[in-house]
(Lines give C-alpha, C1' and ligand atoms only; values in the text may rest on other atoms or scores of the structure.)
Protein backbone atom coordinates (compact mmCIF):
# COMPACT_ATOMS: atom_id res chain seq x y z
CA UNK A 1 0.00 0.00 0.00
CA UNK A 2 2.87 2.34 0.77
CA UNK A 3 4.31 1.92 -2.74
CA UNK A 4 0.86 2.49 -4.26
CA UNK A 5 0.50 5.74 -2.31
CA UNK A 6 3.92 6.93 -3.52
CA UNK A 7 3.04 6.11 -7.15
CA UNK A 8 -0.29 7.95 -6.81
CA UNK A 9 1.50 10.98 -5.37
CA UNK A 10 4.02 11.03 -8.25
CA UNK A 11 1.26 10.76 -10.84
CA UNK A 12 -0.66 13.64 -9.24
CA UNK A 13 2.27 16.08 -9.28
CA UNK A 14 1.68 17.39 -12.86
CA UNK A 15 -1.90 18.28 -11.93
CA UNK A 16 -0.96 20.10 -8.74
CA UNK A 17 1.56 22.38 -10.42
CA UNK A 18 -1.20 24.37 -12.14
CA UNK A 19 -0.77 26.36 -15.30
CA UNK A 20 3.02 26.47 -15.04
CA UNK A 21 3.12 22.79 -16.06
CA UNK A 22 1.40 23.73 -19.32
CA UNK A 23 3.84 26.54 -20.00
CA UNK A 24 1.47 29.31 -18.91
CA UNK A 25 2.41 32.02 -16.47
CA UNK A 26 5.80 33.49 -15.80
CA UNK A 27 8.76 31.63 -14.43
CA UNK A 28 11.20 33.32 -12.14
CA UNK A 29 14.70 33.24 -13.53
CA UNK A 30 17.82 34.01 -11.56
CA UNK A 31 18.98 37.51 -12.28
CA UNK A 32 22.57 37.96 -13.33
CA UNK A 33 24.48 41.08 -12.54
CA UNK A 34 26.85 42.66 -15.01
CA UNK A 35 30.24 41.09 -14.49
CA UNK A 36 32.36 43.02 -16.95
CA UNK A 37 34.12 45.04 -14.25
CA UNK A 38 34.29 42.31 -11.66
CA UNK A 39 37.61 41.63 -10.02
CA UNK A 40 38.65 38.10 -9.18
CA UNK A 41 37.56 38.59 -5.57
CA UNK A 42 34.20 40.03 -6.67
CA UNK A 43 33.60 36.92 -8.78
CA UNK A 44 34.53 34.61 -5.93
CA UNK A 45 32.31 36.38 -3.39
CA UNK A 46 29.36 36.30 -5.79
CA UNK A 47 29.99 32.60 -6.42
CA UNK A 48 29.98 31.89 -2.68
CA UNK A 49 26.61 33.60 -2.32
CA UNK A 50 25.20 31.46 -5.12
CA UNK A 51 26.63 28.26 -3.66
CA UNK A 52 25.37 29.01 -0.16
CA UNK A 53 21.88 29.77 -1.46
CA UNK A 54 21.80 26.66 -3.67
CA UNK A 55 21.67 28.62 -6.94
CA UNK A 56 23.85 26.04 -8.69
CA UNK A 57 23.17 27.17 -12.26
CA UNK A 58 24.30 30.73 -11.60
CA UNK A 59 27.26 29.46 -9.61
CA UNK A 60 28.37 27.27 -12.51
CA UNK A 61 28.12 30.18 -14.94
CA UNK A 62 30.24 32.43 -12.75
CA UNK A 63 32.73 29.69 -11.92
CA UNK A 64 33.34 29.18 -15.62
CA UNK A 65 33.66 32.94 -16.15
CA UNK A 66 36.09 33.23 -13.25
CA UNK A 67 38.33 30.52 -14.66
CA UNK A 68 38.23 31.94 -18.19
CA UNK A 69 39.06 35.50 -17.07
CA UNK A 70 41.52 34.63 -14.28
CA UNK A 71 43.01 31.25 -15.25
CA UNK A 72 46.09 31.75 -13.08
CA UNK A 73 44.49 33.75 -10.32
CA UNK A 74 44.34 33.20 -6.61
CA UNK A 75 40.94 31.46 -6.68
CA UNK A 76 41.28 29.53 -9.96
CA UNK A 77 42.06 26.12 -8.46
CA UNK A 78 39.41 26.46 -5.75
CA UNK A 79 36.89 27.45 -8.42
CA UNK A 80 37.66 24.28 -10.37
CA UNK A 81 36.94 22.19 -7.26
CA UNK A 82 33.69 24.00 -6.59
CA UNK A 83 32.68 23.55 -10.22
CA UNK A 84 32.89 19.76 -9.74
CA UNK A 85 30.54 20.00 -6.76
CA UNK A 86 28.11 22.41 -8.47
CA UNK A 87 27.77 20.08 -11.47
CA UNK A 88 27.18 17.20 -9.08
CA UNK A 89 24.40 19.06 -7.27
CA UNK A 90 22.62 19.78 -10.56
CA UNK A 91 22.75 16.03 -11.36
CA UNK A 92 24.97 16.77 -14.38
CA UNK A 93 27.15 13.81 -13.50
CA UNK A 94 29.01 13.63 -16.81
CA UNK A 95 30.20 17.23 -16.43
CA UNK A 96 31.09 16.60 -12.80
CA UNK A 97 33.19 13.58 -13.76
CA UNK A 98 34.86 15.46 -16.62
CA UNK A 99 35.66 18.41 -14.33
CA UNK A 100 37.08 16.08 -11.69
CA UNK A 101 39.28 14.26 -14.22
CA UNK A 102 40.53 17.61 -15.54
CA UNK A 103 41.41 18.81 -12.04
CA UNK A 104 43.22 15.55 -11.20
CA UNK A 105 45.19 15.78 -14.45
CA UNK A 106 46.15 19.44 -13.98
CA UNK A 107 46.78 19.41 -10.22
CA UNK A 108 47.89 15.90 -9.16
CA UNK A 109 49.74 17.28 -6.12
CA UNK A 110 47.02 19.67 -4.95
CA UNK A 111 46.27 19.29 -1.21
CA UNK A 112 42.57 18.79 -2.00
CA UNK A 113 42.91 16.45 -4.96
CA UNK A 114 41.41 13.71 -2.75
CA UNK A 115 38.16 15.69 -2.80
CA UNK A 116 38.14 15.57 -6.61
CA UNK A 117 38.60 11.78 -6.54
CA UNK A 118 35.82 11.43 -3.99
CA UNK A 119 33.33 13.56 -5.93
CA UNK A 120 34.16 11.72 -9.14
CA UNK A 121 33.34 8.43 -7.42
CA UNK A 122 30.05 9.81 -6.07
CA UNK A 123 29.08 11.07 -9.54
CA UNK A 124 29.80 7.66 -11.06
CA UNK A 125 27.72 5.97 -8.37
CA UNK A 126 24.86 8.37 -9.07
CA UNK A 127 25.13 7.61 -12.78
CA UNK A 128 24.36 3.95 -12.04
CA UNK A 129 21.20 4.86 -10.11
CA UNK A 130 17.79 5.54 -11.58
CA UNK A 131 15.45 8.45 -10.88
CA UNK A 132 12.92 6.32 -8.99
CA UNK A 133 15.50 4.55 -6.82
CA UNK A 134 14.79 7.01 -4.01
CA UNK A 135 11.05 6.39 -4.13
CA UNK A 136 10.56 2.79 -5.24
CA UNK A 137 12.39 -0.47 -4.47
CA UNK A 138 14.60 -1.30 -7.44
CA UNK A 139 17.42 -3.73 -8.12
CA UNK A 140 20.41 -1.75 -9.37
CA UNK A 141 22.40 -4.96 -9.95
CA UNK A 142 20.09 -5.82 -12.87
CA UNK A 143 20.95 -2.64 -14.75
CA UNK A 144 24.05 -1.78 -16.75
CA UNK A 145 26.88 -1.84 -14.21
CA UNK A 146 29.47 0.01 -16.30
CA UNK A 147 29.20 3.13 -14.13
CA UNK A 148 29.34 0.99 -10.98
CA UNK A 149 32.60 -0.58 -12.22
CA UNK A 150 34.02 2.88 -12.91
CA UNK A 151 33.01 4.07 -9.44
CA UNK A 152 34.59 0.99 -7.86
CA UNK A 153 37.86 1.66 -9.71
CA UNK A 154 37.83 5.37 -8.79
CA UNK A 155 37.16 4.84 -5.10
CA UNK A 156 39.68 1.98 -4.93
CA UNK A 157 42.38 4.25 -6.36
CA UNK A 158 41.26 7.02 -4.00
CA UNK A 159 41.64 4.79 -0.92
CA UNK A 160 45.00 3.50 -2.12
CA UNK A 161 46.37 7.01 -2.57
CA UNK A 162 44.60 8.74 0.33
CA UNK A 163 43.85 6.18 3.06
CA UNK A 164 43.73 8.91 5.74
CA UNK A 165 41.49 11.31 3.82
CA UNK A 166 38.44 12.63 5.70
CA UNK A 167 36.34 11.07 2.94
CA UNK A 168 37.96 7.62 3.29
CA UNK A 169 35.47 6.19 5.81
CA UNK A 170 32.46 6.99 3.63
CA UNK A 171 34.27 5.68 0.54
CA UNK A 172 34.94 2.34 2.22
CA UNK A 173 31.24 1.91 2.98
CA UNK A 174 30.34 2.75 -0.59
CA UNK A 175 32.95 0.31 -1.89
CA UNK A 176 31.36 -2.50 0.12
CA UNK A 177 28.00 -1.74 -1.46
CA UNK A 178 29.51 -1.49 -4.95
CA UNK A 179 31.34 -4.78 -4.49
CA UNK A 180 28.12 -6.50 -3.47
CA UNK A 181 26.35 -4.98 -6.47
CA UNK A 182 29.03 -6.13 -8.93
CA UNK A 183 29.03 -9.64 -7.47
CA UNK A 184 25.25 -9.91 -7.66
CA UNK A 185 25.29 -8.70 -11.26
CA UNK A 186 27.57 -11.66 -12.12
CA UNK A 187 24.98 -14.04 -10.64
CA UNK A 188 22.23 -12.43 -12.72
CA UNK A 189 24.37 -13.00 -15.81
CA UNK A 190 24.95 -16.62 -14.78
CA UNK A 191 21.19 -17.14 -14.40
CA UNK A 192 20.73 -15.70 -17.90
CA UNK A 193 23.33 -18.11 -19.28
CA UNK A 194 21.42 -20.98 -17.68
CA UNK A 195 18.30 -19.86 -19.55
CA UNK A 196 20.32 -19.98 -22.81
CA UNK A 197 21.78 -23.40 -21.90
CA UNK A 198 25.28 -21.89 -21.89
CA UNK A 199 26.33 -23.94 -18.87
CA UNK A 200 30.08 -23.41 -19.19
CA UNK A 201 29.65 -19.64 -19.32
CA UNK A 202 27.36 -19.82 -16.26
CA UNK A 203 29.84 -21.92 -14.31
CA UNK A 204 32.65 -19.53 -15.17
CA UNK A 205 30.59 -16.60 -13.85
CA UNK A 206 30.01 -18.44 -10.60
CA UNK A 207 33.72 -19.22 -10.28
CA UNK A 208 34.57 -15.58 -10.98
CA UNK A 209 32.37 -14.48 -8.07
CA UNK A 210 33.93 -17.02 -5.70
CA UNK A 211 37.46 -16.07 -6.68
CA UNK A 212 37.12 -12.27 -6.92
CA UNK A 213 34.29 -11.27 -4.56
CA UNK A 214 35.04 -13.10 -1.34
CA UNK A 215 32.94 -12.16 1.71
CA UNK A 216 30.07 -10.81 -0.39
CA UNK A 217 26.52 -12.20 -0.03
CA UNK A 218 26.73 -13.48 -3.63
CA UNK A 219 29.44 -16.09 -2.89
CA UNK A 220 26.95 -18.81 -1.80
CA UNK A 221 25.05 -18.39 -5.06
CA UNK A 222 28.37 -18.38 -6.94
CA UNK A 223 29.13 -21.82 -5.49
CA UNK A 224 25.62 -23.03 -6.28
CA UNK A 225 26.03 -21.83 -9.87
CA UNK A 226 29.26 -23.82 -10.12
CA UNK A 227 27.59 -26.93 -8.71
CA UNK A 228 24.69 -26.76 -11.14
CA UNK A 229 26.75 -25.71 -14.15
CA UNK A 230 29.40 -28.42 -13.77
CA UNK A 231 26.67 -31.01 -13.20
CA UNK A 232 24.98 -30.08 -16.48
CA UNK A 233 28.34 -30.22 -18.25
CA UNK A 234 28.95 -33.72 -16.94
CA UNK A 235 31.91 -32.59 -14.81
CA UNK A 236 30.86 -34.55 -11.76
CA UNK A 237 34.09 -34.20 -9.77
CA UNK A 238 34.11 -30.40 -10.06
CA UNK A 239 30.44 -30.31 -9.14
CA UNK A 240 31.02 -32.51 -6.08
CA UNK A 241 33.91 -30.33 -4.93
CA UNK A 242 31.75 -27.21 -5.16
CA UNK A 243 28.97 -28.96 -3.21
CA UNK A 244 31.42 -29.80 -0.42
CA UNK A 245 32.61 -26.20 -0.17
CA UNK A 246 29.00 -24.91 -0.23
CA UNK A 247 27.84 -27.36 2.45
CA UNK A 248 30.85 -26.65 4.67
CA UNK A 249 30.55 -22.85 4.56
CA UNK A 250 26.87 -22.19 3.83
CA UNK A 251 24.83 -25.17 5.09
CA UNK A 252 21.70 -22.98 5.20
CA UNK A 253 21.68 -22.48 1.43
CA UNK A 254 18.17 -23.33 0.11
CA UNK A 255 19.58 -25.73 -2.49
CA UNK A 256 20.93 -28.03 0.24
CA UNK A 257 18.80 -30.39 2.28
CA UNK A 258 19.40 -31.15 5.95
CA UNK A 259 22.01 -33.73 4.98
CA UNK A 260 23.96 -31.31 2.79
CA UNK A 261 22.78 -32.92 -0.46
CA UNK A 262 22.33 -30.51 -3.36
CA UNK A 263 18.89 -30.58 -5.02
CA UNK A 264 19.67 -30.28 -8.72
CA UNK A 265 16.03 -30.46 -9.81
CA UNK A 266 14.59 -27.93 -7.38
CA UNK A 267 14.80 -25.00 -9.78
CA UNK A 268 14.05 -26.89 -12.96
CA UNK A 269 10.29 -26.71 -12.35
CA UNK A 270 8.33 -23.51 -11.75
CA UNK A 271 7.36 -22.74 -8.17
CA UNK A 272 3.72 -22.26 -9.19
CA UNK A 273 1.59 -24.75 -11.08
CA UNK A 274 1.09 -23.68 -14.68
CA UNK A 275 -2.21 -23.94 -16.54
CA UNK A 276 -0.96 -27.02 -18.42
CA UNK A 277 0.16 -28.53 -15.14
CA UNK A 278 -3.30 -28.13 -13.66
CA UNK A 279 -5.30 -29.51 -16.55
CA UNK A 280 -2.92 -32.48 -16.96
CA UNK A 281 -2.75 -33.16 -13.20
CA UNK A 282 0.98 -32.43 -13.17
CA UNK A 283 1.93 -34.56 -16.16
CA UNK A 284 2.96 -31.46 -18.09
CA UNK A 285 4.46 -28.62 -16.07
CA UNK A 286 6.34 -25.44 -16.72
CA UNK A 287 10.09 -25.94 -16.82
CA UNK A 288 12.39 -23.15 -15.66
CA UNK A 289 16.16 -22.93 -16.01
CA UNK A 290 18.18 -22.83 -12.78
CA UNK A 291 18.17 -19.40 -11.14
CA UNK A 292 19.92 -18.57 -7.88
CA UNK A 293 19.14 -15.56 -5.70
CA UNK A 294 19.47 -16.04 -1.95
CA UNK A 295 19.81 -12.41 -0.89
CA UNK A 296 16.91 -12.89 1.52
CA UNK A 297 19.06 -15.46 3.34
CA UNK A 298 22.60 -14.08 3.19
CA UNK A 299 22.25 -10.31 2.57
CA UNK A 300 21.54 -8.47 5.83
CA UNK A 301 20.24 -5.33 4.15
CA UNK A 302 17.70 -7.34 2.14
CA UNK A 303 16.61 -9.27 5.24
CA UNK A 304 16.13 -6.03 7.15
CA UNK A 305 14.15 -4.51 4.27
CA UNK A 306 11.87 -7.54 4.11
CA UNK A 307 11.35 -7.38 7.87
CA UNK A 308 10.37 -3.70 7.64
CA UNK A 309 8.02 -4.46 4.74
CA UNK A 310 6.37 -7.21 6.79
CA UNK A 311 5.85 -4.86 9.74
CA UNK A 312 4.41 -2.19 7.44
CA UNK A 313 2.02 -4.75 5.93
CA UNK A 314 0.76 -5.62 9.40
CA UNK A 315 0.21 -1.94 10.16
CA UNK A 316 -1.62 -1.43 6.86
CA UNK A 317 -3.96 -4.34 7.60
CA UNK A 318 -4.91 -2.80 10.96
CA UNK A 319 -5.78 0.65 9.53
CA UNK A 320 -9.33 1.96 9.59
CA UNK A 321 -11.41 2.75 6.52
CA UNK A 322 -10.95 6.51 7.16
CA UNK A 323 -7.18 6.08 7.21
CA UNK A 324 -7.29 4.28 3.85
CA UNK A 325 -9.48 6.95 2.25
CA UNK A 326 -7.42 9.87 3.55
CA UNK A 327 -3.99 8.27 2.90
CA UNK A 328 -3.31 8.24 6.64
CA UNK A 329 -4.36 11.85 7.35
CA UNK A 330 -7.36 10.66 9.39
CA UNK A 331 -7.05 7.60 11.61
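The values are calculated or read from the model by the stated rules, or taken from the named source; none is laboratory data. Computed from a predicted structure; not experimentally measured. Counting neighbours? That spans all protein chains shown, and the Cβs are built from the backbone with ideal geometry, glycine included.
Just so you know, in region 197-232 the residues that are touching a residue at least 24 places away in the same chain (Cβ under 8 Å) and not in a helix (DSSP H, G or I) include one that is surrounded by the most Cβ atoms within 10 Å (Cβ to Cβ), and it is 218.
Per-residue answers, yes or no, for (1) modelled with pLDDT of 95 or more; (2) in a helix (DSSP H, G or I); (3) in contact with a helix residue (DSSP H, G or I) (Cβ under 7 Å, 6 or more places away or on another chain):
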site: 238; (1), (2), (3): yes, yes, yes
site: 251; (1), (2), (3): no, no, no
site: 271; (1), (2), (3): no, no, no
site: 278; (1), (2), (3): no, yes, no
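Does residue 158 fit the bill of being touching a helix residue (DSSP H, G or I) at 6+ places or on another chain (Cβ under 7 Å), buried (at least 22 other Cβ atoms within 10 Å of the Cβ) and closer than 30 Å to residue 104 by Cα? The answer is yes for residue 158. Regarding residue 267, is this residue at pLDDT below 65 and closer than 19 Å to residue 188 by Cβ? Considered against the rule, which asks whether it is at pLDDT below 65 and closer than 19 Å to residue 188 by Cβ, residue 267 comes out as yes.
Of all the residues in region 128-157, those that are at pLDDT 65 or above, more than 14 Å from residue 188 (Cα to Cα) and in a helix (DSSP H, G or I) number 12. Annotation note: Cβ proximity below 8 Å between a residue of region 34-46 that is farther than 13 Å from residue 78 by Cβ and a residue that is surrounded by fewer than 12 Cβ atoms within 10 Å (Cβ to Cβ) and modelled with pLDDT under 65 (sequence gap 6+ or interchain) occurs for 46/33.
Just checking, does region 162-173 include any residue being farther than 25 Å from residue 215 by Cα and either under 19 Å from the mean Cα position of the chain (by Cα) or at pLDDT below 95 (or both)? No; the residues of region 162-173 include none that is farther than 25 Å from residue 215 by Cα and either under 19 Å from the mean Cα position of the chain (by Cα) or at pLDDT below 95 (or both). Checking 189, 209 one by one, the residue that is within 20 Å of the chain's Cα centre (by Cα) and farther than 17 Å from residue 298 by Cβ is 189 and no other. Pairs linking a residue in region 166-177 that is on the phi > 0 side of the Ramachandran plot and surrounded by 17 or more Cβ atoms within 10 Å (Cβ to Cβ) to a residue that is outside any helix (DSSP H, G or I) and modelled with pLDDT under 95, with Cβ atoms under 6 Å and 6 or more positions apart or on different chains, do not occur.
Region 34-112 holds helices (runs of 4 or more DSSP H) entirely within its bounds, and those carrying 2 or more residues that are under 27 Å from the mean Cα position of the chain (by Cα) and under 23 Å from residue 123 (Cβ atoms) map to 56-69, 76-89, 93-106.
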